[in-house]
Amino acid sequence: MPIDKLGIRVLVVDDERLIADTLALILNKSGFETVAAYSGAKAVELAEVLKPNVLISDVIMEGMNGVEAAIRISASLPGCRVILFSGNAATEDLLHGAEVKGHRFELIGKPIHPRVLLDRLARSPSIPA
Amino acid sequence: MAFDFSRKVSKFVFPDKPRKIVARYLVAVALPLLALAITGPFFTISTDPFFLLFTLSVILSALYGGWGAGLTTTAVSVLLNAWILEPRLSFQVTDPENVLRLAVFSFEGCLVSVLVGTIGSLQRKLEGERERLSVTLTSIGDAVMVTDREGRITFMNPTAEQTTGWSATRAMGRQLDHVFRIANETTRAPVENPLHKVFELGRVVALANHTLLMRPDGSEIPIDESAAPIRDAGGNLIGAVLVFRDISAEKKSEAALRNADKLASLGRLASTIAHEVNNPLEAVANLLFLIRGTHELADIDRYAETAERELQRASQITRHTLSFARRENEFGPVEVSELVDGILALYSNKIHGKNITVKKRCAAGTSAFASKSELRQVFSNLVGNAVDALPNDGTLHIRVRAAHCHCGATTRVVVADSGNGISAAQLPHIFDAFFTTKKDIGTGLGLWVTKQIVEAHGGCIHVRSRPGRGTVMALCWPKIAPTQDVFPDIVASDLAPVTGNESD
Ligand SMILES: Nc1ncnc2c1ncn2[C@@H]1O[C@H](COP(=O)(O)OP(=O)(O)O)[C@@H](O)[C@H]1O
Ligand SMILES: [Mg+2]
């Protein structure tokens, strides 16, 4: 049964603008209501207004990193699904820190193919219908 | 060999230790008896006005047994003569002329004994001193070579034989330049023999390391050396002594540390690179996905163009990375500006992340005579440190220009940052191995290696820093290879194997 994508709001965060923009474009074309942010701080700010159902964020970013942003956002939006992507080994430590604080975030290795990301979004049961 | 023979004779006449007392006095008594046996039938002291044979026995006895033996021989000679002179077979001497002769002989005998005996004991002392010195120099762990004022080798110890690959017998008397050939470790240009400096300046000269000793068999050993003048009692320069040491072991551990730094910087780069390459790849994957879902030609065009640019970016990163890992150890002129660009590209992620402004000013055509990979390592360390020290929105200055430095180098490079600076207490230590203030991520090897590389190239490095204001690292590199005469060809006959008891 195809998942109804309408009304699912996604926040994409990456300090690499081109990646954030192209991902947002792809997700928008696939029917998700998507907004891109270029930094962790900006993401937290946008999340207040946007109230996204899904947060897709890069981990390693200057300033506030992805894990930090995810923790803050899920604190105010407990139902928000978090998917982190990273191409770095240091991520393990960051995620471990988050787990200790009681969070469980999905992690995808970089580079992610958009097909894989879409499949993931479709497959997951945690998306509210 | 004449030298050895005279030495042996001298050794026999003046042995190092006094001979056994029995032997000495047996000889002292036997010699005048022998003299009497020879002269008795023909003449005695009374008919031999020069007391020839008896005087000779006194001299020989004193030489052999010291002044005591000489005196004994004198006394025995007098007694024997008194016994043989009229009246025969009695110790009485009646002829006053003979009494006078005997008195003169006694006096002469005493004088000769004391003189010869004293010379003997002095000689023994001298020999002993020389022996002690030679034993010391022989057993010393460092290689020691001594030359005369003309630079000819007069002594070399076994360590010097082993290190140079020359046997002492072969090297003796040769010019030191011929036996002790040294070259700069990195440029391989011949280095002036420290001996010349010693003769010129008349004082101790220590050579900077980075010296290779070229052995006659073609092998090379890194050494550490110093030379000092030898003066006589009047203060005149009469020669020089050269002391050097094989430092291969130290060099090896230094090389290991240098590699560690290379690995550390490669490790740092690896994570940067993963990021730098993954980002464009991901962007390209996204763009291709968009292209497949689009029918708008204009959009496709735009996506394709962006993808192309991203791929170019990725390939640029990999190209610089490869050049970093490539071993380019040959020396040659290196375009500094170009090399710096490559390093900046590798750090671009960090630089953009911190929003660092890079101000690079390069005079056209500034080149350094260097090994490309080592120069790259130097700039990677300096730029890396500056980027580490810089806060967000800081500024990194890089200036390359021609200049004349007191070290003789001609290309000057300055890497300056407006970062946190270095405290006065830490400043003297930053070039030490393992000194780091970056707890987990620092190795403390970067600047240590940098200094080594720079100095090995014949350049110099200086730092100025103010805490809270920033740091300036200034380096000088020679623009061209230091030119010097090439070595004179080594002739085959010089290739003597080193053996302990080789004779010439
Ligand atoms: N540009 C700089 N600004 C401030 N401190 C510096 C700078 N360069 C070097 N340092 C100091 O010198 C130390 C040694 O540097 P280095 O030998 O490169 O080792 P590492 O970078 O691994 O610590 C650093 O830990 C830092 O404290
Ligand atoms: Mg460093």
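Where a number appears in this text, it was derived from the coordinates with a stated rule and is not lab data. For clarity, every value in this text was computed on a predicted model and none was experimentally measured. When we count neighbours, we look across all protein chains shown, and the Cβ atoms used for this are built from the backbone with ideal geometry, even at glycine.
Before moving on, here are some points about what is shown:
- Ranked by the mean number of other Cβ atoms within 10 Å of their residues, highest first, the peptides B:70-82, B:184-196 fall in the order B:70-82, B:184-196.
- Net +/- balance of residues flanking B:PRO229 in space, Cβ distance below 13 Å, scoring K and R +1, D and E -1: +1
- Per-residue mean of C-beta atoms belonging to partner chains within 10 Å, peptide A:21-34: 3
- Distance-filtered residues of segment B:335-374 - backbone nitrogen under 13 Å, label point 7 angstrom along B:LYS479 Cα→Cβ: B:336, B:363-369
- Applying the Karplus relation 6.51 cos²θ - 1.76 cosθ + 1.60 with θ = phi - 60° to segment B:397-408 yields 3J(HN,Hα) values of 9, 10, 10, 10, 7, 7, 7, 10, 10, 5, 7, x Hz, where x marks Gly and Pro.
- Global form of segment B:378-446, assessed from the alpha-carbon gyration tensor, a/c cut-off 1.5: oblate
- Three-way shape label, segment B:254-478, alpha-carbon gyration tensor, a/c 1.5: prolate
- Each label point was placed 7 Å from the Cα along the Cα-to-Cβ direction; for B:ARG132 and B:LEU100 their separation is 5.0 nm.
- Cα centroid separation, segment B:343-406 to segment B:91-107 (Å): 103
- Of B:LEU212, B:THR187, B:GLY173, farthest towards positive along the dipole that unit charges on Lys, Arg, Asp, Glu beta carbons give segment B:140-246: B:GLY173
- In this calculation the C-beta distance from B:ILE119 to B:GLU220 is compared with R0 = 45 Å, giving a FRET efficiency of 0.35.
- Average partner coverage of B:286-292, which counts Cβ from other chains inside 10 Å: 6
- Amide H to amide H distances under 5 Å link B:VAL358 with B:LEU396, where only residues 5 or more positions off or on other chains count and H is placed in the peptide plane.
- Listed peptides A:64-75, B:167-178 by packing density, highest first (mean Cβ within 10 Å): A:64-75, B:167-178
- Derived scalar couplings ³J(HN,Hα) [segment B:332-339; Karplus, 6.51 cos²θ - 1.76 cosθ + 1.60; whole Hz; x for Gly, Pro]: x, x, 10, 6, 5, 4, 4, 5
- Stretching B:ARG231 away from B:ALA30 to a fully extended chain increases their span by 67.7 nm, per 0.36 nm per residue minus the current alpha-carbon distance.
- Packing here is the average count of other Cβ atoms within 10 Å per residue, and on that basis the peptides B:277-285, B:420-428, highest first, run B:277-285, B:420-428.
- Interchain or long-range residues, amide H under 5 Å from B:ASN157's placed H: B:VAL144
- Along the axis of the charge dipole computed for segment A:9-123 (Cβ charges of +1 for Lys and Arg, -1 for Asp and Glu, origin at the Cα centre), the listed residues A:ILE56, A:TYR38, A:HIS96 are led at the positive end by A:ILE56.
- Built amide H within the under 5 Å cut-off of B:ILE230, gap 5+: B:ILE238, B:GLY239, B:ALA240, B:VAL241
- Peptide A:54-62 has a mean shielding of 2, counted as Cβ atoms of other protein chains within 10 Å of each residue's Cβ.
- The three principal axes of the C-alpha atoms in segment A:9-123 carry coordinate ranges of 36, 29, 28 Å, sorted with the longest axis first.
- Distance from the alpha carbon centroid of segment B:136-214 to that of segment B:53-67 works out to 45 angstrom.
- Here the 3J(HN,Hα) profile of segment B:123-133, calculated from phi with Karplus coefficients 6.51, -1.76 and 1.60 at θ = phi - 60°, is 4, 4, 4, 4, 4, x, 5, 4, 4, 4, 4 Hz, Gly and Pro shown as x.
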